[in-house]
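Novice: I'd like to ask you about the structure that follows.
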Amino acid sequence: MSDLILFWHRRDLRISDNTGLAAAREQSPKVVGVFCLDPNILERDDVAPARVTYMIGCLQILQQRYAEAGSQLLILHGDPIAAIPTLAAALNAKAVFWNWDVEPYSQIRDRSIIDTLKEKGIEFLPPNWDQLLHSPEEIRTGGNSPYTVYTPFWKNWSSKPKAQPAETLQNTEALTKAEQEIALQAGAIELPSAKDLGFIWDGGLIIPPGEAAAQSRLEEFTNQAIIEYQEQRNFPAVDGTSQLSAAFKFGVIGIRTVWQATMEAQENSRSEEAQASIRTWQQELAWREFYQHAMYNFPELAEGAYRDTFKDFPWETNEENFQAWCEGRTGFPIVDAAMRQLNEIGWMHNRCRMIVASFLTKDLLINPQLGEKYFMQKLIDGDLSANNGGWQWSASSGMDPKPVRIFNPTSQTQKFDPEGEYIRQWVSELRSVDTEYLVTNKISPLERHGIGYPEPIVDHKQQQQQFKQLYQQQKVVSRD
Ligand SMILES: Cc1cc2nc3c(=O)[nH]c(=O)nc-3n(C[C@H](O)[C@H](O)[C@H](O)COP(=O)(O)OP(=O)(O)OC[C@H]3O[C@@H](n4cnc5c(N)ncnc54)[C@H](O)[C@@H]3O)c2cc1C
């Protein structure tokens, strides 16, 4: 057996601060990367063109990074259950290493690959949670159960010491010419474009692909905006958040590096407000981990509501209203602005994600699973755990102890887009409407007609009452 270790990249498209990759390099100088374009994922009907475009861009840069480190990144296209062990066996690799993932599909796939590798006598790395600061096994209640409530999770999670960033890959050996030939025969291909894979996206990318871009975005944010995060993060017209979510989704930046940057920001800031703001951003990082732990511990979350009250909820089937929501034609300016932002750039501000999710479920009484899927079809950062967590939170169907949370689109606008700046940015026909009428959604029918903007498709007050009634009825028959 050779001393070759194949490192299988999945949601860790970087060579810096990558714990599994660093472990491979510690064992051997001959580390070669591999990424497998998986039809089980790419051929699903909830894949966003923006997400694939960003991913391919990151892979291109990862190939350059490997070349700089002296090695290469191979690309496969096929079911990893067959493709990864086949390549490893053909190259006579001593081991295949990878970082673990929480998603149900990954868990099943990885176990099957481990079985095949064992049969072939190829080593693998035991579960290694590179994308989390703390593994699901590490953060448990006093009774050794997983947390289902965020606040005690945060208390435990934040009290634990955090690891330092891992060593960047360097001084590696590449495959020989003969081995490269074998790799080609075992399925290695040129990296295709997103278009080659059938994904066309011309909406731009909220963050450029690659490690350097993610690192500079992190620096920019932690040097400046982070100290005003608490105040600014709720205003969708302001660039008050990091916009790092796609980089987190694909692991283009290491979580230890991110944490270290927040600690440095804390050391450099004097005021209590700045400290509190940095803490608030750290809490978002903990939300990300909370939802990943939840998905790992309760994989059934991926299939639907966590709480019994919502398991057989009589959601309405109204294709017309659902389409109006998807296309940003509901007649509620903040909802329409947010959905058009999503459709145009493949990203939406967090405040607006909460508003539109509440609107779909509590105003249109439409099943949150439809919204969850639509988000996955569009988001550059679409991630099963975070998206499912966000939708279950908004629908009140998740683990959150506060059950009925209904957002009023008008008061949300008055609070968070008081001048209608965000609305005007995304809904061009509303640009000339007087601010007072715009933010209160009291635009007259005549004006709506004149500018081609629809009447509200539902009455918020009525729908809210109907939702509450249905909720009470379901609650009586459920075990919640
Ligand atoms: C209905 C709904 C669906 C969502 N779907 C996704 C999704 O598919 N992918 C996704 O990454 N986030 C999702 N979120 C969470 C959140 O909206 C985004 O992470 C955030 O808007 C991304 O912008 P940012 O990078 O500027 O965030 P920042 O405010 O700068 O936060 C930093 C990072 O923390 C993490 N984070 C922040 N808030 C949350 C949260 N509530 N839950 C989990 N992680 C969080 C993200 O990784 C984010 O990049 C969803 C929220 C809701 C309400």
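The values are calculated or read from the model by the stated rules, or taken from the named source; none is laboratory data. Computed from a prediction, not measured in an experiment: that's the story for all the values here. Backbone-built Cβ (ideal geometry, glycine too); neighbour counts: all protein chains shown. SASA here: full protein model, heavy atoms, side chains in, ligands and nucleic acids out. Shrake-Rupley method; radii C 1.70, N 1.55, O 1.52, S 1.80 Å.
Novice: Leaving ligands, DNA and RNA out of it, work out the accessible area of LEU191 with a 1.4 Å probe and give it in Å² to the nearest 10.
Specialist: Accessible area, nearest 10 Å²: 40 Å².
Novice: Ok, one more. Would you mind checking the range 346-366 for residues with the amide N under 18 Å from a putative spin-label position 7 Å along Cα→C-beta of GLN473?
Specialist: Counting backbone N atoms under 18 Å from the label point, the list is 361-366.
Novice: Out of the range 88-177, which trypsin sites (Lys or Arg not before Pro) are coil in DSSP terms and have no more than 15 other C-beta atoms within 10 Å?
Specialist: LYS120, ARG140, LYS162
Novice: Also, I was wondering about something else. Using +1 at the Cβ of each Lys and Arg and -1 at the Cβ of each Asp and Glu in the chain, identify which of GLN377, TRP157, GLY210 lies farthest towards the dipole's positive end.
Specialist: TRP157
Novice: Quick one: compute a quarter of the convex hull surface over the Cα atoms of the range 22-70 and quote it in nm².
Specialist: Details: hull surface 17.3 nm².
Hull-based average projected area comes out at 4.3 nm².
Novice: Let me ask something additional. Please compute P(r) over all alpha-carbon pairs of the range 218-278, binned at 10 Å starting from zero, and give each bin as a whole-number percent.
Specialist: P(r) for the range 218-278, in whole percents per bin: 23, 51, 25, 1.
Novice: Further question on the same structure: Any idea what the dipole of the chain comes to, in debye rounded to 20, about its Cα centre with Lys/Arg Cβ at +1 and Asp/Glu Cβ at -1? Intermediate results must be reported in sequence, preceding the final value.
Specialist: On the way: 46 positive and 63 negative charges, 174 e Å.
Rounded to the nearest 20 debye, it is 840 debye.
Novice: Turning to a different aspect of this structure: Within the range 175-247, which GluC sites (Glu not before Pro) sit in a loop by DSSP and count at most 11 neighbouring Cβ atoms inside 10 Å?
Specialist: On the way: sites: GLU179, GLU181, GLU190, GLU211, GLU219, GLU220, GLU228, GLU231; in loops: GLU190.
Loop-located and lightly packed - GLU190.
Novice: Helix-only mean residue ellipticity at 222 nm, the chain, DSSP H runs n ≥ 4 weighted -39,500 (n - 2.57), per residue, nearest 500. What is it?
Specialist: The helix-only estimate for the chain comes to -15000 deg cm²/dmol at 222 nm.
Novice: Then there is this: Taking loop as defined by DSSP and a crowding limit of 15 other beta carbons within 10 Å, which trypsin sites (Lys or Arg not before Pro) in the range 194-278 fit? Please list the in-between numbers first.
Specialist: Values: sites: LYS195, ARG217, ARG233, LYS249, ARG256, ARG270; in loops: LYS195, ARG233, ARG270.
Answer in residue order: LYS195, ARG270.
Novice: Given the pairs LYS415/LYS461; LYS362/LYS442; LYS155/LYS415, which span a C-alpha to C-alpha distance of over 27 angstrom in this model? Numbers along the way, then the final one.
Specialist: Working: LYS415/LYS461 19 Å; LYS362/LYS442 21 Å; LYS155/LYS415 30 Å.
As for pairs spanning more than 27 Å Cα to Cα, those are LYS155/LYS415.
Novice: Hey, can you find the accessible area per residue of the chain for me, probe 1.4 Å, expressed in square angstrom?
Specialist: On the way: 20750 Å² over 480 residues.
Accessible area per residue, the chain: 43 Å².
Novice: Further, regarding this structure: Have a look at the range 170-298 and give its Rg and Dmax from the Cα atoms, expressed in angstrom.
Specialist: Values for the range 170-298 (Cα only, Rg and Dmax): 19.7, 61 Å.
Novice: Using a 1.4 Å probe over the heavy atoms of the protein chains, calculate the carbon and sulfur portion of the accessible area of the chain as a whole percent.
Specialist: Working: 10090 of 20750 Å².
With neighbouring chains kept in place, the figure for the chain is 49 percent.
Novice: Another question, then. Using only the alpha carbon atoms of the range 62-104, find the Kirkwood hydrodynamic radius as the inverse mean reciprocal pair distance, in angstroms to one decimal.
Specialist: Values: mean 1/r = 0.0814 Å⁻¹.
One over the average 1/r among Cα pairs gives 12.3 Å for the range 62-104.
Novice: Let me ask you something else. Taking K and R as +1 and D and E as -1, what net charge do the other residues with C-beta under 11 Å from the C-beta of ARG10 add up to?
Specialist: Values: positive: ARG11, ARG109; negative: ASP12, ASP38, ASP101, GLU103, ASP110, ASP130.
With Lys, Arg at +1 and Asp, Glu at -1, the net is -4.
Novice: Using a Förster distance of 41 angstrom, determine the FRET efficiency expected from the C-beta separation of MET263 and GLN414, and round it to 0.05. Walk me through the intermediate numbers first.
Specialist: Details: r = 37 Å, r/R0 = 0.90.
Step by step, r from the Cβ atoms, then E = 0.65.
Novice: Another one. Would you please give the FRET efficiency between GLN369 and GLU68, computed as 1/(1 + (r/R0)^6) with r the Cβ-Cβ distance and R0 = 51 Å, to the nearest 0.05?
Specialist: Details: r = 44 Å, r/R0 = 0.86.
It comes to 0.70.
Novice: Something else about it: Report the Cα-based extents of the range 63-204 along its three principal axes, largest first, to the nearest Å.
Specialist: Dimensions of the range 63-204 along the principal axes of its Cα atoms: 55, 46, 31 Å.
Novice: Taking the convex hull of the Cα atoms, report for the chain its projected area averaged over all directions, in nm². Walk me through the numbers before you get to the answer.
Specialist: Details: hull surface 96.1 nm².
Dividing the Cα hull surface by four gives the mean projection, 24.0 nm².
Novice: Across every pair of different alpha-carbon atoms, what Kirkwood hydrodynamic radius in Å does the range 237-330 reach?
Specialist: On the way: mean 1/r = 0.0582 Å⁻¹.
Over the range 237-330, the inverse of the mean reciprocal pair distance is 17.2 Å.
Novice: Specify whether the C-alpha gyration tensor of the range 307-389 places it in the rounded, prolate or oblate class, a ≥ b ≥ c being the square roots of the eigenvalues: rounded for a/c under 1.5, otherwise prolate if a/b is larger than b/c and oblate if not. Intermediate results must be reported in sequence, preceding the final value.
Specialist: On the way: a/c = 1.86, a/b = 1.20, b/c = 1.54.
Oblate.
Novice: What's the long-distance tail for the range 327-480, i.e. % of Cα pairs beyond 25 Å?
Specialist: For the range 327-480, the share of Cα pairs beyond 25 Å comes to 30 percent.
Novice: Treating cross-link reach as a plain straight distance, find the lysines whose alpha-carbon is under 24 Å from the alpha-carbon of LYS160, omitting any fewer than eight places away in the same chain.
Specialist: Qualifying lysines at Cα under 24 Å: LYS249.
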